[in-house]
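The values are calculated or read from the model by the stated rules, or taken from the named source; none is laboratory data. Small disclaimer: the values here were computed from a predicted structure and weren't measured. Note that each Cβ is placed from the backbone with ideal geometry, even for glycine, and that neighbours are counted across all protein chains shown. When the accessible area is computed, the model is the full protein with side chains, heavy atoms only, and any ligands, DNA or RNA have been set aside. Shrake-Rupley method; radii C 1.70, N 1.55, O 1.52, S 1.80 Å.
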Amino acid sequence: MIEFRGVWKSFGAEPVLSGVDLTVREGETLALLGPSGTGKSVLLKHAIRLLTPDRGDILVDGVSIPSATGGQIKAVRRRVGYVFQNAALFDSLTVFGNLALALDDEDGHRPLSSLRPEAAELLRRVNLDHAVLNLYPGELSGGMRKRVGIARAIASRPRYVLYDEPTTGLDPVNADIIDALIVELARDLGVTSIVVTHDLESAFQVGDRVALLTEGTIRACAAPEEILASEDPVVQRFMHRRFGTAESTPPA
Ligand SMILES: Nc1ncnc2c1ncn2[C@@H]1O[C@H](COP(=O)(O)OP(=O)(O)OP(=O)(O)O)[C@@H](O)[C@H]1O
Ligand SMILES: [Mg+2]
């Protein structure tokens, strides 16, 4: 279980997060929606201590992330796969090199050749041919890069996967492929996930529950049909303004 408890975070005068409470239940996929610049990526980064809160707490399996030791954080990061908004692959390494870094044991002692079959298996999971292992990130399409980012995130067999905008910038066909993959990984690997997106269709396709982050707090968090039926004017405005324009969402 991942719990955000009263999380506050500012970078300047105005807080980005002002008391976020959110619990991600075991086994569920939670879609996190919100306008651009509202703090979705900032919130997600707190789960693996890429950022620390000014106030509040984040618990992963009961471990308080802000006060965890270096060893505990290392262990948490192996349990939490993170798909970065921009894929964040190393451009100077091949796809195999990128996956090998994530597959290797803590000490980096395993010979590279022994990792190749596992890397090929990861690519198979995300519907990419093993020949892609030899390509550099610069040689991949946007959709392929996203899939390699997902393959890397699941390399350590995580219990949790945090996806930051996995479909943003993709055409609808590739976006659907990624959404289907998220659903499949949740089912086959039993992972608990947060999917940050500003694509409503995607949120409703993958989310067991949908949460809306606006103005620093979670405005609503409920099953998709409840969110759609919400009488909260802020929720209504977000859902109705965005529906119909989902395909013209600009890349982040
Ligand atoms: N490391 C940082 N230092 C200073 N400001 C930051 C930092 N990270 C994020 N911000 C600011 O925090 C705010 C929220 O950013 P964040 O990236 O979380 O938005 P987002 O909801 O993910 O937006 P998008 O949908 O465009 O990805 C923005 O105003 C951003 O400029
Ligand atoms: Mg973001």
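Descriptive notes on the structure:
- Summed over the range 96-121, the residues that are assigned to a helix (DSSP H, G or I), under 26 Å from R49 (Cα atoms) and open to solvent by less than 30 Å² (accessible area, probe 1.4 Å) give a count of 6.
- Scanning the range 9-49 for residues that are more than 16 Å from ligand 2 (Cβ to nearest atom), out of contact with any helix residue (DSSP H, G or I) (no Cβ under 9 Å at 6 or more places or on another chain) and either among the polar types (S, T, N, Q) or free of Cβ contacts under 8 Å to residues at least 60 places away in the same chain (or both) gives S10, G12, A13, E14, S18, T23.
- Checking each residue in the range 119-152 for being under 14 Å from the mean Cα position of the chain (by Cα), more than 16 Å from ligand 2 (Cβ to nearest atom) and not β-branched (V, I, T) picks out R147, A151, R152.
- Filter pass, R219 being more than 12 Å from ligand 1 (Cβ to nearest atom), over 15 Å from the mean Cα position of the chain (by Cα) and not in a helix (DSSP H, G or I): yes
- Hits in the range 187-219 - residues which are among the small types (G, A, S) and open to solvent by less than 20 Å² (accessible area, probe 1.4 Å): S193, S202, A203, G207, A211, G216
- Just one of the listed residues (T29, T38, T52, T23) is surrounded by fewer than 17 Cβ atoms within 10 Å (Cβ to Cβ), within 30 Å of H240 (Cα to Cα) and of a type in the set (V, I, T), namely T23.
- Within the option set F4, F11, F84, being open to solvent by 40 Å² or more (accessible area, probe 1.4 Å) and either more than 13 Å from ligand 1 (Cβ to nearest atom) or modelled with pLDDT under 95 (or both) holds for one residue only, F84.
- Filter result for T52 (outside any helix (DSSP H, G or I), in contact with a helix residue (DSSP H, G or I) (Cβ under 8 Å, 6 or more places away or on another chain), hydroxyl-bearing (S, T, Y) and within 16 Å of ligand 1 (Cβ to nearest atom)): yes
- Taking first residues from the range 152-163 that are aliphatic (A, V, I, L, M) and partners that are assigned to a loop (DSSP other than H, G, I, E, B), the Cβ contacts under 8 Å between residues at least 6 apart in sequence or on separate chains come to I154/V191; V161/I154; V161/V191; L162/A47; L162/I48.
- In the range 19-49, the residues that are polar (S, T, N, Q) and within 12 Å of ligand 1 (Cβ to nearest atom): S36, T38, S41
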